[in-house]
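Derivation of every value follows stated rules applied to the coordinates shown; laboratory data play no part. Note that the coordinates shown come from a computational prediction; the quantities given were computed from them, not determined experimentally. All Cβ positions, even for glycine, are placed from backbone atoms using ideal geometry, and neighbour counts span all protein chains on display.
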Amino acid sequence: MTVTATVPPSRVRLPAATAAVARRVLLMTVRNPPVIVMAVLQSVTFLLIFRYVFGGAIASGDLRYVDFMVPGILTVGVVFSVMGVGPAMAEDLGRGIVDRFRSLPMPRAAVLLGRAAGAHLLTAGTLLVTAAVAFAVGFRVREGLPGAAAMLGLCLLTAVAFTWVFIAVGLATADVQAAQGFGFLVLPLSFVSSAYVPVHTMPGWLRRVAEHQPLTVIIEANRYLTQGPAGLTGTAHSGGYYVAAAVTWCAGILVVAVAAALALFRRR
């Protein structure tokens with residue numbers, strides 16, 4: 001009688017496993033062009049509506065409205081762009097995709113990291129296209145190329161933080177429609193911010209809410225990075241405060257969301 005030893009498959013390291021999951025996400029996105037078109041179209045449409053429909057009716061202090069509005073549009077645009085991560089995560093749970101990944105010899109964290117990485121590439125592409133359209137319709141940066149690059153970097157950091165929020169929502173609900181519903185709560189949050197109108201024009205109670213929520217802080221930081229002190233008209237703090245506070249908000253949201261997502265994933 002011959003005994004044959006069974007050799008367990010070698011464990012795939014975290015970077016390789018993450019890249020494999022991210023590749024799956026990208027392939028699914030590329031094979032579904034309407035997802036790409038709608039992501040770009042939504043962001044560009046918001047930009048054009050506020051540039052040409054509402055722009056003439058909103059006072060923006062010393063800044064031209066297009067220069068006031070674009071940092072806000074780009075900031076909320078990246079958040080809208082990653083909203084679909086929650087429903088996609090819930091769908092993977094419902095279809096058993098996550099269970100299949102768990103059965104493979106790979107770190108479990110790679111499932112979440114790969115999902116996030118794949119989403120970030122689509123978000124970066126949408127951000128660059130929207131920024132190009134913004135420059136085409138008159139947006140200008142007083143702080144030059146470094147200011148524009150810093151704004152784009154802060155937008156991407158915002159996208160990373162909120163991606164993990166939506167991953168946690170998808171894991172918590174495990175239902176596509178519920179995850180979509182929670183995602184749309186970002187819409188009122190974006191309007192109760194300085195994205196489209198100066199905060200000081202809001203009623204007192206609403207102004208206090210708007211001033212202290214993360215999107216307003218990030219948007220004001222992006223205005224300062226692109227327009228310098230002129231972008232801070234009517235605000236309560238300095239440009240350095242807003243930049244430091246924006247990074248702190250993003251880091252705090254990211255740490256809490258990652259911890260929540262990992263805890264929820266272990267329970268599934």
Applying the Karplus parametrisation 6.51 cos²θ - 1.76 cosθ + 1.60 with θ = phi - 60° to the phi angles of segment 221-226, what ³J(HN,Hα) value in whole Hz is obtained for each residue in order, glycine and proline being reported as x? 5, 5, 5, 5, 5, 9
Point-to-point label distance, residue 58-residue 20, nm (Cα→Cβ direction, 7 Å offset): 4.7 nm
Cα gyration tensor of segment 13-57, axes a ≥ b ≥ c as square roots of the eigenvalues: rounded (a/c below 1.5), prolate (a/b > b/c) or oblate? oblate
Which percent of Cα-Cα pairs in the chain sits in each 5 Å bin, short to long? 1, 6, 12, 16, 17, 14, 11, 8, 6, 3, 2, 1, 1, 1, 0, 0, 0, 0
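Based on the mean of other Cβ atoms within 10 Å per residue, sort peptides 96-105, 226-235, 252-261 so the most packed one is first. All intermediate terms of the calculation are to be shown ahead of the outcome.
Details: 96-105: 13.1, 226-235: 18.5, 252-261: 16.8.
The densest-packed peptide leads the list: 226-235, 252-261, 96-105.
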Using each residue's phi in segment 249-255, evaluate 6.51 cos²θ - 1.76 cosθ + 1.60 at θ = phi - 60° and report the 3J(HN,Hα) Karplus result to the nearest Hz, with x for Gly and Pro. 4, 4, 5, x, 4, 4, 4
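What chymotrypsin sites (Phe, Trp or Tyr not before Pro) in segment 140-212 are in a loop by DSSP, with at most 15 other Cβ atoms within 10 Å of the Cβ?
Values: sites: 162, 164, 166, 182, 184, 191, 196, 205; in loops: 184, 196.
Taking segment 140-212 and a limit of 15 other Cβ atoms within 10 Å, the loop chymotrypsin sites (Phe, Trp or Tyr not before Pro) found are 184.
Would you calculate a helix-derived [θ] at 222 nm for the chain, using -39,500 (n - 2.57) for each DSSP H run of n ≥ 4 and dividing by the full residue count, to the nearest 500? Walk me through the intermediate numbers first.
On the way: 12 runs with 194 residues, N = 268.
Helix-only estimate at 222 nm: -24000 deg cm²/dmol.
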Taking 35 Å as R0, compute the FRET efficiency from the Cβ-Cβ separation of residue 209 and residue 247 and round it to 0.05. 0.95
